[in-house]
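The values are calculated or read from the model by the stated rules, or taken from the named source; none is laboratory data. Computed from a predicted structure; not experimentally measured. Heads up, the Cβs are rebuilt from the backbone with ideal geometry, glycines too, and the neighbour counts pull from every protein chain shown.
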Amino acid sequence: MSTPDNPQLLPTASGGCGDSCGCEGDGTEATYELDTAECGLDPDLAQLLVAAGLDPVEVEDVANVALAEDLAHGPDATTVATVPEDAVATGDFTAREAGTVAGLRVAEAVLSIVCTDEFEVERHVEDGDRVEAGQKLISVTTRTRDLLTGERSALNLLCRLSGIATATRAWADALDGTGAKVRDTRKTTPGLRALEKFAVRCGGGVNHRMSLSDAALVKDNHVVAAGGVAEAFTRVREQFPDLPIEVEVDTLAQVTEVLEAGADLILLDNFTPERTAEAVALVNGRATLESSGRLTLENARAYADTGVDYLAVGALTHSSPILDIGLDLREAK
C-alpha cells in the first residue's frame, strides 16, 4: 500500500496503451504516482480502478463533479423530506435490457463519496460482462438517504459507459474471426475520455490515442498546411522521431507516397471495400492499415475481410445510446 511519503508507481492508460490498446506496446506506456493524500477513495476500490487502467484521482474528480450538479444548492430535498435519517436500505442496480456492462467501480466511487457511513457492496457481475434484462449488477446496503442522493449520478455514468461497451461489443462480434479490431477515436465527451475509452475496452474494442501528444495523426488539414501528405509525414517524423505516426490518405496514389516516405500506419479514409482490398494488396504487410468513414455494422465484415487491421468508429463514443440500468430498493421485511 502506498503512503504520502512513499507513493506507489502504478500503470495508467496513456496513448491507448494497455492489454487491448491499438499501439500494442510501442513504448508510450506511462506511470503516475498514486498518493493517498490526493485520492480520497477507499484504497481497495482505488486499486480496482488502477487494475482497470483508470486513474482513481480522475475518477474521484468526475464523481465529485457529477454530485456537485445535484447538490450545488443544498441537500436532496425530496429524500430528506420522505426518508427517515436513520433508515438503512439495500438497493439493486439492475439491467433493464441486455447489453455489456462497464463502469461498476465508477458507480461505487460515486456512492463512496456521498455515503456518510460505510456501505456494503455485493458484486454480481464485472465490467465487460454480458448481462440480460432483469439481471442484478451490484447490490448496495447503506443509509437510504445517501443511496437515493447518489443514485442518479452513479446511474448517469454507469448507463453511459455501459452503452458504449454494448455498442462496441456489437462491432467486436461483427469482426469476430477476422484479423481486424474496432478502434475508437478522440470524439469523446469532454472530461470523460479516459472513462469512455475504458468502456470501449470493456466492449472488446481497442483504444487509439488518448491525446494529441502521445501519437500523431496527419489529416487532410495538416496535408494542406504542409503542402503534401508525404511532406506532412516527414515533418512530424523529423520533429518527433519516436512518436507513432498515422497518416490519413484519400487515394491509392497517396498510399504509395506515404509508404515510400516511411509511414508504418495508414488510415484509409472513405475507401470502399473494393479499394480497401486494393490498398491491402498494395501495402502487402509493409504498414498497418485502418479503415475510416463509410463504416456500418452491416458492412463491417466486408471491410474486415479485406485484411485491414483496424476499423475506426467514432460513433462508439459520440453516438452510442445508454444501456438502461435502474436502482430498485428492496421492500422492507
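Out of curiosity, is Thr251 exposed (fewer than 15 other Cβ atoms within 10 Å of the Cβ) and at pLDDT 95 or above? Here the answer is yes, as Thr251 does meet what is asked. Say whether the condition of being aliphatic (A, V, I, L, M) and touching a strand residue (DSSP E or B) at 6+ places or on another chain (Cβ under 8 Å) is met by at least one residue in region 273-282. Within region 273-282 (the criterion being aliphatic (A, V, I, L, M) and touching a strand residue (DSSP E or B) at 6+ places or on another chain (Cβ under 8 Å)), the answer is yes, since at least one residue qualifies. Annotation: of all residues in region 127-160 being over 24 Å from Leu71 (Cα atoms) and among the charged types (D, E, K, R), the one that is surrounded by the most Cβ atoms within 10 Å (Cβ to Cβ) is Asp127.
Is it the case that region 300-311 has a residue that's surrounded by fewer than 20 Cβ atoms within 10 Å (Cβ to Cβ), outside the structural domain of Val101 (by TED's automatic domain parsing) and in a helix (DSSP H, G or I)? Taking every residue of region 300-311 in turn, at least one turns out to be surrounded by fewer than 20 Cβ atoms within 10 Å (Cβ to Cβ), outside the structural domain of Val101 (by TED's automatic domain parsing) and in a helix (DSSP H, G or I). Of all residues in region 281-297, those that are assigned by TED's automatic domain parsing to the domain that holds Leu252 and over 20 Å from Asp220 (Cα atoms) have Cβ atoms under 9 Å from Cβ atoms of residues that are modelled with pLDDT under 95 and in a loop (DSSP other than H, G, I, E, B), 6 or more apart or on another chain, in Arg286/Asp264. Applying the criterion of at least 2 residues that are within 29 Å of Glu246 (Cα to Cα) to the strands (runs of 3 or more DSSP E) found wholly in region 103-211 leaves 181-183.
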